[in-house]
Amino acid sequence: MAILKVSRLGHPVLRKPAEAVPRESIASPTIQRLIDDMIETMREYDGVGIAAPQVHVSKQIAVIEVQDNRRYPGENSIPLTVLINPKILAASKQPLEDWEGCLSVEELRGRVPRAESVELEAYTRKGEKIRLHAHRFFARVIQHECDHLAGKVFLDRMPDLKTLAHLKEFVRYWQD
Ligand code: NI
């Protein structure tokens, strides 16, 4: 396994819609290795999720995990989840606003409205098709990562950039 270099805002790969992964290539060593490396990279940088374009690979793969995360204290745990070619099938209407950050938008937090719950279809790393029903923070992370696969970042979803804060100032003035 290897820790990969994270692409930062301004790199074109973050703005390009990622390519779907053909089901028959999910089992390939290249894709399996990429998934392992994405997991290791997410853990190394205390991310709660990472999408392949964030490691300079324009493919529709995202990994998500929350386990006593230092960057998001107090959030519920989410078991390690690998999503390939995820599709949001349905989303609740009423948006919920909360803080988000991103490994590609270092040291910034901002308030982003997201659907409270989503229904999702994706392949697992074993190539099995799954349907997921996610709520609250899990739903938020899924929407954030699916945005990455569509070439979007959370800043694009902020209705008001005035809430944008550097991490230190966020902790000092807004976290509680
Ligand atoms: Ni992100």
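Observations on the model:
- Cα pair distances in segment 109-176, grouped into 5 Å bins until the bin that holds the longest one, percent each: 4, 15, 18, 22, 18, 10, 7, 5, 2
- A 1.4 Å probe run over the protein chains yields, for the chain, 54 Å² of accessible area per residue, whole-number rounding.
- Distance in nm between pseudo-label sites at residue 96 and residue 135 (7 Å out along the Cβ direction from Cα): 0.8 nm
- Note on surface exposure: 45, 173, 72 rank 173, 45, 72 by accessible area, highest first, 1.4 Å probe.
- The charge dipole of the chain, taken about its Cα centre with unit charges on the Cβ of Lys, Arg, Asp and Glu (plus for the first two, minus for the last two), comes to roughly 340 debye.
- Residue 1/residue 119 FRET efficiency (R0 30 Å; Cβ-Cβ; nearest 0.05): 0.40
- C-alpha long axis of helix 136-149 to longest principal axis of the chain, angle in °: 60 degrees
- Here the 3J(HN,Hα) profile of segment 18-30, calculated from phi with Karplus coefficients 6.51, -1.76 and 1.60 at θ = phi - 60°, is 7, 7, 5, 9, x, 3, 5, 9, 4, 6, 5, x, 4 Hz, Gly and Pro shown as x.
- Gyration tensor verdict on segment 12-65 (Cα atoms; rounded if a/c is under 1.5, prolate if a/b is larger than b/c, oblate otherwise): oblate
- Using a Förster distance of 22 Å, the FRET efficiency for residue 16-residue 155 (Cβ separation, nearest 0.05): 0.85
- Carbon-plus-sulfur accessible fraction, the chain (probe radius 1.4 Å, protein heavy atoms only): 50%.
- Set of lysines near residue 168 by C-alpha distance (under 30 Å), chain-local residues within fewer than 8 positions excluded: 5, 152
- Residues of segment 130-167 falling in the label zone of residue 174, defined by backbone nitrogen less than 14 Å from a point 7 Å along Cα to beta-carbon, are 154-167.
- Taking amide H positions as modeled 1.01 Å from N, with prolines and chain starts lacking one, the residues under 5 Å from residue 49 and 5 or more places away or on another chain are 65.
- Note on segment 33-176: Rg/Rh from C-alpha atoms, Kirkwood Rh, equals 0.94.
- Separation of the residue 128 and residue 44 label points, Cα + 7 Å toward Cβ, nm: 3.0 nm
- Under-5 Å amide H pairs with residue 108, H placed in peptide plane, nonlocal only: 102, 167
- Our coupling estimate for segment 37-46, obtained by passing each phi through the Karplus curve with A = 6.51, B = -1.76, C = 1.60 and θ = phi - 60°, is 5, 5, 4, 5, 5, 4, 5, 4, 9, 6 Hz, Gly and Pro reported as x.
- HN-Hα J in Hz across segment 6-16 - Karplus 6.51, -1.76, 1.60, θ = phi - 60°, x for Gly and Pro: 8, 6, 10, 3, x, 6, x, 4, 6, 10, 9
- Bridging of residue 59 to aspartates and glutamates at a Cα separation below 18 Å is possible for 19, 24, 36, 37, 40, 121, 128, 145, 147, once same-chain residues fewer than 8 apart are set aside.
- Expected 222 nm ellipticity per residue - DSSP helices of 4 or more, -39500 (n - 2.57), all of the chain, to 500: -5500 deg cm²/dmol
The values are calculated or read from the model by the stated rules, or taken from the named source; none is laboratory data. Computed from a prediction, not measured in an experiment: that's the story for all the values here. Every residue, glycine as well, gets a Cβ built from its backbone with ideal geometry; the counts of neighbours run over all protein chains shown. Side chains are part of the model used for accessible areas, which takes the heavy atoms of the whole protein and leaves out ligands, DNA and RNA. Shrake-Rupley method; radii C 1.70, N 1.55, O 1.52, S 1.80 Å.
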